[in-house]
Amino acid sequence: MLLSGGASLTDLDARARDILRRIVETYLETGEPVGSRTVSRGGLALSPASIRNTMQDLTMAGLLASPHTSAGRVPTHAGLRLFVDGLLEIGDLSEEERREIDGRLAGRGRSFEEALDEASVLLSGLAGGAGIVAAPVRASGVKHVEFVPLAADEALAVLVAEDGTVENRLMRLSAGVTPATLREASNFLNARLKGRPLAEARAEMTVELERARRELDTAAARLVEDGLAAWAGGAERERALIVRGRANLLQDREALEDLERVRGLMEDLEQKAQLIGLLDGVAEAEGVRIFIGAETRLFSLSGSAVVAAPYMSGRQRVLGAIGVIGPARLNYARIIPLVDYTARVLGRMLDGNDT
């Protein structure tokens, strides 16, 4: 993986890797620029001059930067990424922390929806950032669909799922749609959707609809397309995005010195569709994913970081993702196992409560 300046982990010798690791760890702990004297006090058997030369090389490689007039250095987002990918020593949770997570998420009588909310609160408290959770895409099979006429130019598209939930969408009807057309479209969809999750069937339905146009009335084919779009679009709009702990982001001293960046981050957190899109991308991967600064378009201006992991049912079906958002100066060694374990606890809860 090439970074700005062309540097990669394999390009760095042992001395450069050690100095980069020490600088990043000190910066993550203090939030202050790190100078050569500070590095040398860590027990490194090198003169301050040798350390300064190596720090200069790391700066030229785009891994460190010198803020303002300070003689010290701070890691760039590329330096943080290199540290996270190859130099970070990830810690582990204590038994007490594991028991707390287990107890708070799987409390007596707690529903899965309540557990999702509690998970975001828990992560924001333990990690010191904002906890985020994307609720699952509903994956119950379709039980019945029907287009119910309301007026000459309006119908109600009704979808009943096998879990008992009902989605109703008002639809404008084009000219030429008759009660017979509504029945034809309803029968076509019921024959192909029954027992299948809508999201799973949609892609195949689009292809099949092209072949079925010869069998369907033109108005009925258009009605089928509009109905699929209405149900699917409604499901996306109604997906819950839980964000807890925004106030934690205001307690970072470095961030408060840049109020414009804080304002940008708060605006980012209001972008529900983009946040869900980010977490859906995490759900397609395995394990914990980390995004730093411009690695996500959503947080490129605020320079924030995201640590997220998918949660899945006992049948290994990915349902959603959970994570932490905060400044790039996150305590990655602590937050990565927190997010990973919390996601696995949510997954265990789904074994007997698959959505």
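Annotation: of all residues in segment 281-296 being at pLDDT 80 or above and not in a strand (DSSP E or B), the one that is surrounded by the most Cβ atoms within 10 Å (Cβ to Cβ) is VAL282. Of all residues assigned to segment 77-99, at least one qualifies as being open to solvent by 30 Å² or more (accessible area, probe 1.4 Å) and among the β-branched types (Val, Ile, Thr). Does segment 51-61 include one or more residues that are over 20 Å from GLY86 (Cβ atoms) and modelled with pLDDT under 90? Within segment 51-61, none of the residues are over 20 Å from GLY86 (Cβ atoms) and modelled with pLDDT under 90.
Collect the residues in segment 60-70 that are open to solvent by 40 Å² or more (accessible area, probe 1.4 Å) and within 14 Å of LEU12 (Cα to Cα), keeping them in residue-number order. Even if it seems obvious, please write down each step before you answer.
Of segment 60-70, the ones open to solvent by 40 Å² or more (accessible area, probe 1.4 Å) are 60, 66, 68-70.
If the condition is that a residue be open to solvent by 40 Å² or more (accessible area, probe 1.4 Å) and within 14 Å of LEU12 (Cα to Cα), then MET60 is the only one that fits.
Here SER124 passes the criteria (1) closer than 30 Å to LEU249 by Cα; (2) part of a loop (DSSP other than H, G, I, E, B) except the one numbered (2). For segment 174-191, which residues satisfy the criterion of being open to solvent by less than 70 Å² (accessible area, probe 1.4 Å) and of a type in the set (Gly, Ala, Ser)? SER174, GLY176, ALA180, ALA185, SER186 - these are the residues of segment 174-191 that are open to solvent by less than 70 Å² (accessible area, probe 1.4 Å) and of a type in the set (Gly, Ala, Ser). Among residues of segment 154-176 that are closer than 18 Å to ASN187 by Cα, those with a Cβ under 8 angstrom from a residue that is assigned to a loop (DSSP other than H, G, I, E, B) and of a type outside the set (Val, Ile, Thr), sequence gap 6+ or separate chain, pair up as ALA155/LEU173; ALA161/ARG138; ALA161/SER140; GLU162/SER140; GLU162/GLY195; LEU173/ALA152; LEU173/ASP153. Residues of segment 325-355 that are in a helix (DSSP H, G or I), open to solvent by 40 Å² or more (accessible area, probe 1.4 Å) and modelled with pLDDT of 90 or more: ARG334, ASP340, ARG344. Beta carbons closer than 7 Å, at least 6 apart along the sequence or on distinct chains, pair a first residue in segment 184-208 that is closer than 14 Å to ALA157 by Cα and of a type in the set (Gly, Ala, Ser) with a second that is at pLDDT 85 or above and surrounded by 16 or more Cβ atoms within 10 Å (Cβ to Cβ) for ALA185/PHE147; SER186/VAL145; SER186/GLU146; SER186/PHE147.
Among the residues of segment 139-173, those that are outside any strand (DSSP E or B) and either open to solvent by 60 Å² or more (accessible area, probe 1.4 Å) or acidic (Asp, Glu) (or both) comprise ALA152, ASP153, GLU162, ASP163. ALA255 meets each of the listed conditions (1) of a type in the set (Gly, Ala, Ser); (2) over 29 Å from ARG348 (Cβ atoms); (3) modelled with pLDDT of 75 or more apart from (3).
The residues in segment 297-324 that are open to solvent by 30 Å² or more (accessible area, probe 1.4 Å) and in contact with a Pro (Cβ under 8 Å, 6 or more places away or on another chain) can be counted, and the count is 1.
Flag: LEU122 matches the condition of being within 26 Å of ALA343 (Cα to Cα) and at pLDDT 85 or above. Among the residues of segment 13-39, those identified as free of Cβ contacts under 8 Å to residues at least 60 places away in the same chain and open to solvent by less than 30 Å² (accessible area, probe 1.4 Å) are ALA16, ILE19, ILE23, VAL34, GLY35, SER36, VAL39. In the set GLY320, GLY314, only one residue is over 19 Å from GLY245 (Cα atoms) and modelled with pLDDT of 80 or more; that residue is GLY320.
The values are calculated or read from the model by the stated rules, or taken from the named source; none is laboratory data. Since we're looking at a predicted model, the values are computed, not measured. Quick reminder, even Gly has a Cβ in these numbers, built from the backbone with ideal geometry, and neighbours come from all protein chains shown. For accessibility, only protein heavy atoms count, side chains too; no ligands or nucleic acids. Shrake-Rupley method; radii C 1.70, N 1.55, O 1.52, S 1.80 Å.
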